[in-house]
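What follows is a set of notes on a single structure, which appears directly below.
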């Protein structure tokens, strides 16, 4: 890791390269649900954004898809049947314009960051690095969306920690 | 007049009795000997660097900068809460190079943040499980600082 820039090529994640503990599997299942929710949200909000926002949303969608696939692979390797995505999700607030789309993007990224954060203590070595990369990417995207949406503060001391 | 042999025996007796009296007294002294300070927590250097990082922003009161500075202070407090012995109670540790440097320009502050971010990443990846979450939070917060300080 030499820079905190997002790394969307997560399909080569080492999550599946080593057996996971029961706690690790449980955390990854929860994280898979968060990644699926994020994919659903980006599928809805993209259309409301301007060109720059659309580009950011597309990149985020690619990254979330790669991470979802990496988790599915890891769960599959562990014979821990990954749960499929829900057919629909209830949005936390109405999606009406670009500002609400940006706020929703920040919201889902915070949720994803919180889940990857919770994976950290259940894994080590290359698996922890993969979890930290994913956590960092989601928190960085959340920061960018918060700044675009004019939400303050743009960043928090403990990203993803539920108060 | 004493013979040399008798003198030797008395000297030996004096030595044995003396040792019997002095030894418990010395042992008693051990009870009150001050304990050596415990070795510093492995996070001590990281903690000191975090304090130094917060100090970089001390003179800047812009809201965004204040957010970053307060984050570093919150990180130092959170680190102090998990360190054993708590910082300040252990043997003194010389400040690292990063802690003693005092960058003042936006570019040098950003460079300090970049180095601090890498240190936090390394610390998270090598930490025991119970410390991994906090160190990961600090690493990710620092990555976000780099994003907002662009």
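The values are calculated or read from the model by the stated rules, or taken from the named source; none is laboratory data. Nothing here was measured: the structure is a model prediction, and the numbers come from that model. All Cβ positions, even for glycine, are placed from backbone atoms using ideal geometry, and neighbour counts span all protein chains on display.
Considering (1) facing chain B (nearest Cβ under 10 Å); (2) at pLDDT below 95, say which one residue A:151 fails and leave the rest.
Status for residue A:151: all satisfied but (1).
Considering A:32, A:28, A:15, A:20, which residue is modelled with pLDDT under 95, part of a helix (DSSP H, G or I) and surrounded by 20 or more Cβ atoms within 10 Å (Cβ to Cβ)?
The conditions single out A:15.
Considering only the stretch A:72-95, I want to know if a residue exists there that is surrounded by fewer than 17 Cβ atoms within 10 Å (Cβ to Cβ) and within 14 Å of another protein chain (Cβ to nearest Cβ).
No, every residue in the stretch A:72-95 fails to be surrounded by fewer than 17 Cβ atoms within 10 Å (Cβ to Cβ) and within 14 Å of another protein chain (Cβ to nearest Cβ).
Please enumerate the residues belonging to the stretch B:42-66 that are within 13 Å of chain A (Cβ to nearest Cβ) and surrounded by fewer than 20 Cβ atoms within 10 Å (Cβ to Cβ).
If the condition is that a residue be within 13 Å of chain A (Cβ to nearest Cβ) and surrounded by fewer than 20 Cβ atoms within 10 Å (Cβ to Cβ), then B:54, B:62, B:63, B:64, B:65, B:66 are the ones that fit.
Examine the stretch A:114-137 for a residue that is within 16 Å of residue A:41 (Cα to Cα) and either in a helix (DSSP H, G or I) or in contact with a helix residue (DSSP H, G or I) (Cβ under 7 Å, 6 or more places away or on another chain) (or both), and state whether such a residue exists.
No, there is no match, as no residue in the stretch A:114-137 is within 16 Å of residue A:41 (Cα to Cα) and either in a helix (DSSP H, G or I) or in contact with a helix residue (DSSP H, G or I) (Cβ under 7 Å, 6 or more places away or on another chain) (or both).
Restricting to the stretch A:102-127, name every residue that is surrounded by 24 or more Cβ atoms within 10 Å (Cβ to Cβ) and more than 10 Å from the chain's Cα centre (by Cα).
A:102, A:105, A:117, A:119, A:120, A:123
Exactly one condition in (1) in a loop (DSSP other than H, G, I, E, B); (2) touching a residue at least 12 places away in the same chain (Cβ under 8 Å) is false for residue A:153; which is it?
(2)
Among residues belonging to the stretch A:128-150 that are more than 16 Å from the chain's Cα centre (by Cα) and free of Cβ contacts under 8 Å to residues at least 60 places away in the same chain, point out the one that is nearest to residue B:135 (Cα to Cα).
Among those that are more than 16 Å from the chain's Cα centre (by Cα) and free of Cβ contacts under 8 Å to residues at least 60 places away in the same chain, it is A:147.
Scan the stretch A:81-99 and give yes if some residue there is more than 16 Å from the chain's Cα centre (by Cα) and in a helix (DSSP H, G or I), otherwise no.
Yes, the stretch A:81-99 contains at least one residue that is more than 16 Å from the chain's Cα centre (by Cα) and in a helix (DSSP H, G or I).
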